[in-house]
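Contents: one structure, followed by commentary.
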């Protein structure tokens with residue numbers, strides 16, 4: 001545990017050293033602001049850990065780790081505009097604190113800063129770094145677009161949903177790890193294994209998020225339990241329930257889905273939908289799927305051609321990610 | 001002239017060959033759409049010409065030329081959101097034809113596509129290509145932010161205005177040329193000269209735009225003459241007039257500036273402001289400044305260490321850019 005915290009401390013220190021005190025202030029201050037809001041720094045931690053796994057010092061891939069974190073925060077700034085979100089990590093979102101135009105443009109500029117940091121590396125590694133980063137970045141855009149498209153669709157399949165969360169969330173965990181592996185000049189086969197580890201852990205993590213949103217202990221959960229149910233979010237649980245429901249259950253689910261917000265008591269809706277979820281056993285099905293992804297990820301890590309001891313920190317992080325109170 | 005057209009034809013052909021027919025359609029169709037709206041393709045033409053100037057075949061820097069054009073179109077998609085512009089090149093803008101979220105996200109994805117094309121080059125050239133492209137991209141963001149900031153400020157100086165148009169418009173012409181020069185492996189000194197040529201021609205071009213907006217022949221001008229005056233745009237002409245105006249003239253200018261739109265006859269406002277512009281001779285002052293930049297640009301081109309004949313196409317293009325009916 002101590003060792004995982006030390007990565008985060010290094011990342012926080014290096015983020016603070018980035019100097020965005022440039023003009024115009026309306027372009028650069030939002031960058032400093034969003035990066036100061038904290039978070040687990042999971043993606044840059046993975047990048048540093050992968051570099052270390054393949055023999056580099058902890059700080060060897062720090063530029064690429066920061067690139068990944070800045071890219072991630074750029075997507076948060078733009079996603080918050082799209083979702084009209086007022087709050088991010090307990091603080092006002094950039095487009096609310098400044099305005100939408102500033103949020104669009106400082107997001108764009110953060111994207112350039114991410115590239116600047118990414119390519120701060122041995123020139124011979126640039127083609128590989130750029131290939132993985134570009135592919136990951138475009139996939140994250142695709143995932144976000146699918147997520148928006150799904151809001152308006154009523155026929156989203158489980159497979160489509162899994163593809164969406166893979167693109168929107170999971171590939172960036174894989175990409176962060178692979179970038180670290182590239183910096184450490186790991187063999188391509190090992191790079192691909194560590195990418196697969198990250199992607200599958202990412203999928204498991206997202207499925208756990210879906211489960212927690214409904215079944216978390218309200219005392220320990222940071223946000224409103226049942227939020228996804230209230231907003232009709234097409235999670236694994238809802239899609240699976242719609243797939244398995246008999247006529248009566250489908251009718252009741254759709255009744256709750258079709259009620260305009262304000263026309264129902266949130267707690268009543270959450271309890272009613274949860275009863276159907278329980279009857280259809282979708283929590284267990286989601287957990288089974290989650291465990292599958294987790295296992296596939298851990299097996300990929302086991303196949304990486306370095307000693308078992310070196311993998312312990314990554315194993316520990318993966319397990320820590322999955323042990324949240326349900 | 002024939003030769004300049006042949007570059008544009010090559011660029012159109014190659015843009016058509018780019019295959020954006022991917023899923024999700026809402027991410028990729030806006031890219032195809034905005035790139036199909038045409039335009040002069042000035043920036044990619046400059047990139048190809050610079051590569052040719054330093055000994056490459058016309059198509060030698062085609063990937064980088066397309067990268068510059070796609071980057072430029074990405075900025076147009078995001079700028080049109082910020083400006084709430086309904087029309088671009090006579091067609092509906094992306095955020096109006098689809099919606100704002102799609103415009104934000106497909107713009108982001110275009111930015112990645114620009115990087116993908118940029119780095120399709122000999123790996124040894126990547127550090128130079130990325131350095132120039134990243135610097136140019138961040139400067140274009142800075143320029144756009146200054147432009148937005150200036151709308152709300154009443155104390156914009158001429159120097160600040162010139163810096164803004166340099167960042168927002170001129171550096172991309174310089175950058176396009178330098179990227180072509182890098183691909184042709186031109187010496188750094190020549191790269192810097194060709195960059196200076198493009199930047200200064202770009203500044204001259206933008207000043208000419210300011211002049212044309214007020215003094216163009218309405219029969220030949222594509223848009224409403226006087227549009228900048230009607231919208232109180234802080235152009236070189238208005239800023240210079242405010243700088244030189246005596247108390248009475250300043251009072252009259254500010255009277256027109258402060259009138260809410262709808263509370264004045266547009267033609268009357270244009271004529272009144274134009275009378276003050278004429279009394280203060282700001283058109284000539286703008287033309288003098290424009291000629292200065294043009295000369296500095298042409299001198300930089302002359303210093304480039306290649307034969308005079310090879311520079312003729314670029315000279316011709318620069319002159320063609322500046323010969324628009326006033």
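So the values come out like this:
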read-out: Within the range A:44-71, tally of residues that are closer than 26 Å to residue B:112 by Cβ and buried (at least 21 other Cβ atoms within 10 Å of the Cβ); value: 18
read-out: Only one of A:117, A:76, A:125 that is surrounded by fewer than 23 Cβ atoms within 10 Å (Cβ to Cβ), over 20 Å from residue B:144 (Cβ atoms), in contact with a helix residue (DSSP H, G or I) (Cβ under 9 Å, 6 or more places away or on another chain) and in contact (Cβ under 8 Å) with a residue 60 or more places away in the chain; value: A:125
read-out: Selected residue [at negative phi, within 20 Å of the chain's Cα centre (by Cα), in a helix (DSSP H, G or I) and exposed (fewer than 14 other Cβ atoms within 10 Å of the Cβ)] from A:319, A:312, A:267; value: A:319
read-out: Qualifying residue in the range A:241-250 (condition: surrounded by 15 or more Cβ atoms within 10 Å (Cβ to Cβ), in contact (Cβ under 8 Å) with a residue 12 or more places away in the chain and under 30 Å from residue A:310 (Cα atoms)); value: no
read-out: Qualifying residue in the range A:210-218 (condition: modelled with pLDDT under 95, surrounded by fewer than 17 Cβ atoms within 10 Å (Cβ to Cβ) and in the same structural domain as residue A:269 (by TED's automatic domain parsing)); value: yes
read-out: Per-region count, the range A:10-28, residues surrounded by fewer than 17 Cβ atoms within 10 Å (Cβ to Cβ) and within 14 Å of another protein chain (Cβ to nearest Cβ); value: 6
read-out: Qualifying positions in the range B:115-148 - facing chain A (nearest Cβ under 9 Å) and assigned to a loop (DSSP other than H, G, I, E, B); value: B:119
read-out: Checking residue A:159 against (1) outside any helix (DSSP H, G or I); (2) surrounded by fewer than 18 Cβ atoms within 10 Å (Cβ to Cβ), the condition it does not meet; value: (1)
read-out: Breaking point among (1) within 13 Å of chain B (Cβ to nearest Cβ); (2) over 18 Å from residue A:300 (Cβ atoms); (3) crowded, with 24+ Cβ neighbours inside 10 Å, for residue A:175; value: (2)
read-out: Contacts under 7 angstrom Cβ, first residue in the range A:145-166 being not assigned by TED's automatic domain parsing to the domain that holds residue A:198, partner assigned to a loop (DSSP other than H, G, I, E, B) and surrounded by 15 or more Cβ atoms within 10 Å (Cβ to Cβ), 6 or more apart; value: A:145/B:24; A:146/B:24; A:149/B:24; A:150/A:156; A:150/A:234; A:156/A:234; A:161/A:234
read-out: Answer from B:223, B:234, B:250 - the residue that is outside the structural domain of residue B:166 (by TED's automatic domain parsing), part of a loop (DSSP other than H, G, I, E, B) and modelled with pLDDT of 95 or more; value: B:234
read-out: Matching option when the condition is modelled with pLDDT of 95 or more, closer than 17 Å to residue A:310 by Cα and not assigned by TED's automatic domain parsing to the domain that holds residue A:49, among A:193, A:177; value: A:193
read-out: Selection status of residue B:277, touching a residue at least 24 places away in the same chain (Cβ under 8 Å), in a helix (DSSP H, G or I) and within 30 Å of residue B:316 (Cα to Cα); value: no
read-out: Residue check, residue B:119 over 12 Å from residue B:179 (Cβ atoms) and not assigned by TED's automatic domain parsing to the domain that holds residue B:203; value: no
read-out: Yes/no for residue B:282 being at pLDDT below 95 and under 23 Å from the mean Cα position of the chain (by Cα); value: no
read-out: Helices (runs of 4 or more DSSP H) contained entirely in the range A:29-114, each with at least 1 residues that are within 14 Å of another protein chain (Cβ to nearest Cβ); value: A:62-82, A:94-97
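The values are calculated or read from the model by the stated rules, or taken from the named source; none is laboratory data. These figures come from a predicted structure and were not determined experimentally. For neighbour counting, all protein chains shown are included, and Cβ atoms are generated from backbone atoms with ideal geometry for every residue, glycine included.
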